[in-house]
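For reference, the structure is listed below as C-alpha cells.
The values are calculated or read from the model by the stated rules, or taken from the named source; none is laboratory data. Because the structure is a prediction, the values reported are computed rather than measured. For neighbour counting, all protein chains shown are included, and Cβ atoms are generated from backbone atoms with ideal geometry for every residue, glycine included. Side chains are part of the model used for accessible areas, which takes the heavy atoms of the whole protein and leaves out ligands, DNA and RNA. Shrake-Rupley method; radii C 1.70, N 1.55, O 1.52, S 1.80 Å.
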Amino acid sequence: MLRLVARRLLKVIPLLLLVTVIAFGLLNLVPGDPAVQIAGEFATEEQIEAIRTELELDRPWLSRYGSWLSDAVRGDLGDSLFSGVSVRSQIWDRLPATVSLIGWSLVLSALIGIPAGTVAGWREGSALDRFLTVGTTIGVAIPVFVTGLVLALVVGIKLGWLPATGYVGITESPWQWARRLILPAFALALTGAAEIARQTRAGVIEVKKQDFVRVARANGLHTRQVLGKHTLKNAMIPVVTVVGLQIGRLFGLSVLVEQIFNIPGLGSRLITAVFENDVPFIQGTVLMLGTVIVLVNAGVDISYGYFNPRVRGS
Amino acid sequence: MTTATPDAAPSVGPRSTAASRPETRWGRFVRRFRRQRGAVAALAFIVIVVVCAVFAPWVAPKDPIDQDLSASLAGPSSEYWLGADRLGRDTLSRLIFGARFSLLAAVQAVLVATVLGVPIGIVAGLARGWVDAIASTIADAVLSIPAIVLALAIIGVLKPNLTNAMIAIGIVYAPRLFRVVRSAAISVREETYIEAARAGGVGTLTIARTHVLPNVASPLVVQISLALGFAVLAEAGVSFLGLGVQPPDASWGVMLGQSTAELEDHPILVLAPGIAIMLAVLSFNVLGDGLNDSLGREIRRE
Amino acid sequence: MSGARPPILRVEDVSKSFPASRDLLGRVTARLQAVVGASFEVAAGETLGLVGESGSGKSTLGRLVMRLIDADRGRIILDGADITDADRHELRAARRKMQIVFQDPQSSLDPNWIVGDIIAEPLRANGVVKSERHEIVARLLEEVGLEPAHRSRYAYEFSELVVCDEPVSALDVSTQAQVLTLLEQLRDRLGLAYLFIAHDLAVVHHISHRIAVMYLGQIVEIGPADEVYHRPRHPYTEALLSAIPNADPAARRNRIILRGEMPSPVDPPPGCRFQTRCAYAMDVCRTDEPALSSQDGIDVACHLHDQGPTLSGATVVDLAPPISTDLDR
Amino acid sequence: MSEGRAVGVPLLQVEDLTVEFVTEHGWLPVVDGVSFEIGRQETIGLIGESGCGKSVTAMAILGLIGGPSGRVARGRVLLDGQDLLVLEEPELREVRGRRIAMIFQEPMTSIDPAFTIGKQIIEVLRRHLPLSRAQAKQRAIDLLDRVGIPDPHRRFDDYPHQLSGGMRQRVLIAMALSCEPDLLIADEPTTALDVTVQAQVLELLAGLQEELGMAVLLVTHDLAVVAETCDRTIVMYAGEVVESADVTALFPDPRHPYTAAMLANLPGLHPGEPLRPIPGIVPPRHALPAGCWYSPRCEHRTDACGATHPQLVDLGTRRVRCLRADELDLPGVGR
C-alpha cells in the first residue's frame, strides 16, 4: 500500500509541472504583441507599456517561466492587470462560495446517482431501469444553465420556496448559506448524478455478470447480500473514478451556475477576467484548479487500493 | 481421408462453404443498428436538423435578424409559431438559423480535436515507450484542467469569437479522443492476430493500416458522435456567457443568454432554445451509444 | 525421421528470463526464469511435440523460436541460417519459412477481416501470387469440414516450419479432431515441420514424431513419441502421463498424483527442479542439477539414470513403486 | 427406474426440462425436453460439446435461469419429490448451497477478488448454519484443511489473487461443500486446470463424495474424465439427450452414432489410426435440420433419418435417440 502511494505520488510531479506549463503558456497563445492585444483597442501607449512591464514581456520565455514558477510555488500568482490586487487574495476571497457549491452538489449527485444506478443495474431491463435510463440520458444532455434557469423560475420565483439568487457566507449565517445553495447545487448536481448513475449502472451490470456473483447465488446467498457486498464493492471502482472526474466537471460547470444564481464565486470572477483579458488571474485560476484536480485524482487512484486488493500489492 | 459418406458433402445450417459469403461488415452494422430504435430516431432528428440548418433561408418563415417591434414579445401565434423576442424577431426562424451556428461550431471543435487527438493517439498506442509516456502525460495534464475553465482561459487570451471558442473546445476535447484511440491501438496491438501477422513477416506500417485503423475506427466514430454532443453543449455554454457567437448572429446558446431576463414572463424564449440544445445533445449521445452497440464485437452466448 | 537432411530448426542452449518484480525506481529485483538452456532440433517434415503444464515455459520457447521475443542466451538456427540476431529485413525473409498458429480462436481471428483476406495476407506480405499450394489448402479445408472461422488460422502456405501454440486446446472434441486432422494432412502433403506446443500429452502423442517434456523452464526428457509416451524415463513424464484420464472405463487404475504445486519459476528449487515433488528423489537430486544425457536416442535429465539405483535409460515404470508420494503434505 | 442400477427413490428427477433464450430469431430452446434422474450417492456425467445445453441444464436445476433473456419454458425438477421450479426465490435459497451446491469452470474468476477467501467461506456458512463468528471461522479453517489447502490458518486471510488456480478450485469446493449438500453439481470443474492439478482435484472430489455420501452431477466435455469418475453418462446434442447409459456399458458399446463419433475423435485411444472427424458443426437452433438433428453429419444416416425425429427409446439398460440403434454395430473403446 505504501509503495502504491509512493509510486502514485511520483507520477504527480511531471503532471503538475505540465499544468504549470499550460497555465503559463496561455499567454503565448496571444497573437501579435500580447501587451497591445491585452490592453485593448483604446489603450494609451503608457498603458501598453505598463502591461509589458507587469508581464515582463521583454525577457525571454524560459526565464519568465522560471521566475513565474518560483513565485507560484511560493504562492505568489502575481497581481491582477487592472485592479492591481494580488491574484492569490482574489482567488482566496472567491473560493469559499465555489467550494460550498461544489461540495454540496458532489454530495447530492452521489446521493442521487449511486442508488439510482445500483437499482437500475440490478434490475436491468425492468420498467424501473428503462425509466431511470431514459432519465439519466436526458439528464446528461440538459444544459446546466437550462436546469438552473428553470429551477430558479419554478422553485425560486413561481413557488417562492427558496431564494432564487444570491449567496451568504457560512460564517455569516449557516442557515442562509445552506438555503441559498440548495437550488444552484441541485442544478449542478443533476448532470453529475446522471453521469454517476450511468456509471454505477454499467459497473453493477458488469459485476453481475462475473462468475463470483453466480457462485454466491449458487451458494444460496441472499440477493441483498450479493448486491450489497459483492457487487457494490466491485462496482465502486469505476464509480470512484467518475466521482473523481466529476470534481473537475463541477468546477467547470460552476462557472455557468454561479452566473445564473449570482454567486460571487471563482467562476463569475473568471468570466470578468476573460472579458478584461486579465491574463494573470486566468493563469492563476487555471494553475490552482489544475493542481487541485491532479491531487484529487491521485487520491482516487490510491483509494483503489481499498476497493481492489490486487492493486494494493504485497 | 474417410470423413463423410462419399455422396454429397453434408450441409448443415448456414455452414459457409464457398457458396454463402460471410456477411459484410457494413451489412452487419446496418442489421444491428436498425434494431436500436432510439439510435435510429436520434439519427433521423440529426438529419432533420442538418437539413434545416443547410437550407435555413428556404425553411425559415422569416429573416432571423429582422426586427418588428410591433411584435415585441409576442406569444405563439399563426404568424410567430414560437412567438417573438423583445426585438420582435421570430423565434422559430432564429432557432433554424441558430442551428447553423451551433452545428458548424460543433463540427469545427470536433475537427480540431480529431486532428490533434487521433494521429498522436495511434502513434502513442503503437510506439509505446517514451513517446507514449510523454503524450499521455500531456493529455492527462490537459484533462486535469476543467474543460470549460480551460476553454474560457483560451478564449480569454485570444479574442471572444466563435472560431476561437471552438478551437478552445477542440483543444480541450482532444485528450479524450487521444485516450480512446490510444487504448484501441494498444488493445489491437496486443491481439494475437497482430502477433501472428508480425510473425508472418508483415511490416509495422502495413499492420497499422490494415489492422489498427479499422479497429480504431469503430470506437472513434462513437467518440466523435459523443464529442459532437459535448461540443454543442459547450458552444451553448460559451455563447450563453457571451463569449462565443457575437450578435446579431445567434446560436441557440446566444438566444438563451439574451432571453434570461424574459424567463419569468415569457419562458418559451428560454425553453425553445434550451430544448433544441437538449434534443441535439441527446441525439448525438444516443446515436453514439447506438453506434457503440452496433460496431462492437458481437457477443454470443453459449 | 531420417537424419539425411539438415534440420529445419536447431535450438541451442536458449534461455530467457523476464523481470518479475521491480523496486520503486523501476530496477529489476527478481527475474522469472521462463526458459533455461533449451536445446533441440526439428527435422524437415518432422513434428516435435513440446508438452508441459502452465508455467513450464513452452509457449515462451515457441515465441523465442519465432523471434517474437529475443533470447537472453543461445542460438536459433532456421534452415541452416542463424536467425538469433537477424535484423528486421533478414527476419522477414526468415518468416517466409516459418509461421505461428495461436491458441485463442476468438482473438486470432481479426474480427474485421474477412477470411479470404487473412489467407491472402501472408501471400501479399511475401509478394507471391496464388499458387497450387493455396488450392491444396482450400481443398483440404473442405475435406476436413472446417468452418471458415478456423480456416483463417492456417494461413501458412509457404512455411516449412509451423509453430503451433496450443492450436486445439480451446476446442471441443469434434472440432479438435477436425483441426488435428487438417494439421496432419497439411504436414503430409506440404512437407511441413511442426513445433507442436500443447499441454495435452494425448494430443501431442497423436500428432508428434518426437516429444519434448518441459518442467519449470527446462526440457527434462526428449525422444521418439512412442518411447516417451509408453516408456517414460523421467519421473515427471511418468506423473504427467499418469494424470491423463483414460476414456476406457475398464482401464481405471491407480495413478500417481503429484503433491503440492509447481514451484515458482522466480525462485526454482536447488538441484533438480523436480526434486520437491519427485517420488524417487535422492540426496544428490537436492544438490546437483542433472544434465540431459543421451541413451538410445532418448535424452533425459534425471539422476536416476546416472546415480543411485541406476536406471541407465530404462523406463521409470520398471522401478519399484515409491514408498510415499506424500512429500508436501 | 428402468436404467442403471436401482438405487431406491431418486434424489433428483429432471422431467421434460426446456429452457429458452432470447435470440435474434425470438425465444429458442437451448435445452429441449431433457429428462434424467440422479440417485443418492450416484455420480452422473453430463457430456456434450459447447452449446449443447449441458451447462444451462445445470443452472436450471438450481433455478439460476432468469432475467430478461432466459426462462424455463416447461418441465419439472424434483428434489426428493419437491418441484424446485415452482419455489419462490427465498425457498430456493434454502436449497442452494445447502441441499444442492455447485462449482464452476473458472476458478480464477469464481471468487470475489475484493474479499479474503475466509470471509467468503464464512459468508456461506453463516447463511445456512446458526454459527457464531468464531465457530464459523473454525469451521472454515477445517474445511480449507479438508480440501487439502496447506497452512489453512494463514491462507484464511489470503485474497483470491494470492492463490493458484488449483488452490482456488479447492476453495470453491470447500465453499460448496460447507453445508454437506446431497448433490454437488460440478460444471467443468477441471477444464481450466493442468492435467496434474486436474488429477489432484478429481481425487479430492471422489474422496469427499465418499466421505459425505453425496451425489455428483459432473458437467463436462471431457469423455475421459467421465469414464474415469462417473457411474452413469448422459450425452447431449443440440439441447437434447441422445444417449444415456452406465459408463461401463456406454464407452465400450455406444449405440448412438454421435457418441461413437466423439469416442473416435479422442486422440490416444486408437494408436496409429487417423482420427475420424465429424464433418460440419452443430446446427444452430433456428436452423435445425428435418428429422434427426444429427443426421446431416451422421455417417450412418438413411432417408428415414431425414424424415422422422427419433424419440428417446428406452432399451432397458440404456436410452438412445436413434432410429437405427438396434441395427448399428458401432465401435467403442476397450473392445
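Remark: segment D:161-265 is approximated by an ellipsoid whose semi-axes, taken from the C-alpha gyration tensor as √(5λ), come to 27, 16, 12 Å, largest first. A Cα-only calculation for chain A places Rg and Dmax at 23.5, 82 Å. Using θ = phi - 60° in the Karplus curve 6.51 cos²θ - 1.76 cosθ + 1.60, the 3J(HN,Hα) couplings for segment C:279-287 round to 6, 9, 4, 10, 4, 4, 5, 7, 10 Hz; x is entered for Gly and Pro. Using a 7 Å offset from the Cα along the Cα-to-Cβ direction at both A:S83 and D:D326, what is the distance between the two label points in nm, to one decimal? In this crude spin-label approximation the distance works out to 10.3 nm. For the protein assembly as shown, a simple Cβ point-charge model (Lys and Arg +1, Asp and Glu -1, everything else neutral) yields a dipole of about 1460 debye relative to the Cα centre.
Taking the accessible area of segment D:236-320, probe 1.4 Å, and keeping the other protein chains in place, the carbon and sulfur fraction comes to 56%. Coupling constants for segment D:168-173 follow from the phi torsions by the Karplus curve (6.51 cos²θ - 1.76 cosθ + 1.60, θ = phi - 60°), and in residue order they are 5, 5, 5, 4, 5, 5 Hz; glycine and proline get x.
Applying the Karplus relation 6.51 cos²θ - 1.76 cosθ + 1.60 with θ = phi - 60° to segment D:198-212 yields 3J(HN,Hα) values of 4, 4, 4, 5, 5, 4, 4, 4, 4, x, 5, 4, 4, 4, 8 Hz, where x marks Gly and Pro. Between C:M214 and C:V51, C:G52, C:V220, the built amide H atoms are under 5 Å apart, and every one of these is 5 or more places off in sequence or on another chain.
Scaled against the 2.2 N^0.38 Å expected of a compact globular protein of N residues, the Cα radius of gyration of segment A:168-314 reads 1.39. Computed from the C-beta positions of D:Q162 and A:L10 and an R0 of 35 Å, the FRET efficiency is 0.85 to the nearest 0.05. With 5 Å bins beginning at zero, the pair-distance distribution over Cα atoms of segment B:93-155 amounts to 4, 15, 15, 20, 17, 13, 8, 5, 3, 2, 0 %.
Segment D:D151..D:V86, full-extension length gain: 19.1 nm, with 0.36 nm per residue of separation and the alpha-carbon distance subtracted. Pairs to check: A:K233/D:K137; A:K209/D:K119; A:K209/D:K137. Give those whose C-alpha atoms are more than 27 Å from each other in this structure. Listed pairs above 27 Å: A:K209/D:K137.
Over all alpha-carbon pairs in segment D:236-320, figure out the percentage whose distance exceeds 17 Å. The share of Cα pairs beyond 17 Å in segment D:236-320 comes to 52 percent. What residues of segment B:50-71 lie in the reach of a label at B:E79, counting those whose backbone N is under 17 Å from a point 7 Å from the Cα along Cα→Cβ? Backbone N within reach: B:61-71. Here's how it looks for C:R233: its modeled amide H is under 5 Å from those of C:V316, which are all 5 or more places away or on a different chain. Restrict the search to segment A:57-134; then list the trypsin sites (Lys or Arg not before Pro) that DSSP places in a loop and that have at most 13 other Cβ atoms within 10 Å of their Cβ. Passing sites in segment A:57-134 are A:R74. Determine the distance separating the Cα centre of segment B:99-142 from the Cα centre of segment D:162-189; give it in Å without decimals. Rounded to whole Å, the Cα centres lie 49 Å apart.
By the Kirkwood approach, averaging reciprocal distances over each pair of separate Cα atoms, the protein assembly as shown gets a hydrodynamic radius of 35.0 Å. Protein heavy-atom accessible surface, 1.4 Å probe, per residue over chain D: 36 Å². Computed over protein heavy atoms with a 1.4 angstrom probe, the accessible surface ordering of C:M214, C:M262, largest first, is C:M262, C:M214. Counting pairs of alpha carbon atoms under 8 Å apart in space and at least six apart in sequence, what relative contact order in percent does chain A give? Across chain A, relative contact order equals 27 percent.
Around the amide H of D:M236, modelled in the peptide plane, lie the amide H atoms of D:I47, D:G48, D:V242, all under 5 Å away and 5 or more residues distant in sequence or on another chain. For the pair A:L162 and A:L111, a Förster radius of 25 Å applied to the C-beta separation gives a FRET efficiency near 0.85, rounded to the nearest 0.05. Enclosing the Cα atoms of segment D:12-230 in their convex hull gives a volume equal to 129 cubic angstrom per residue.
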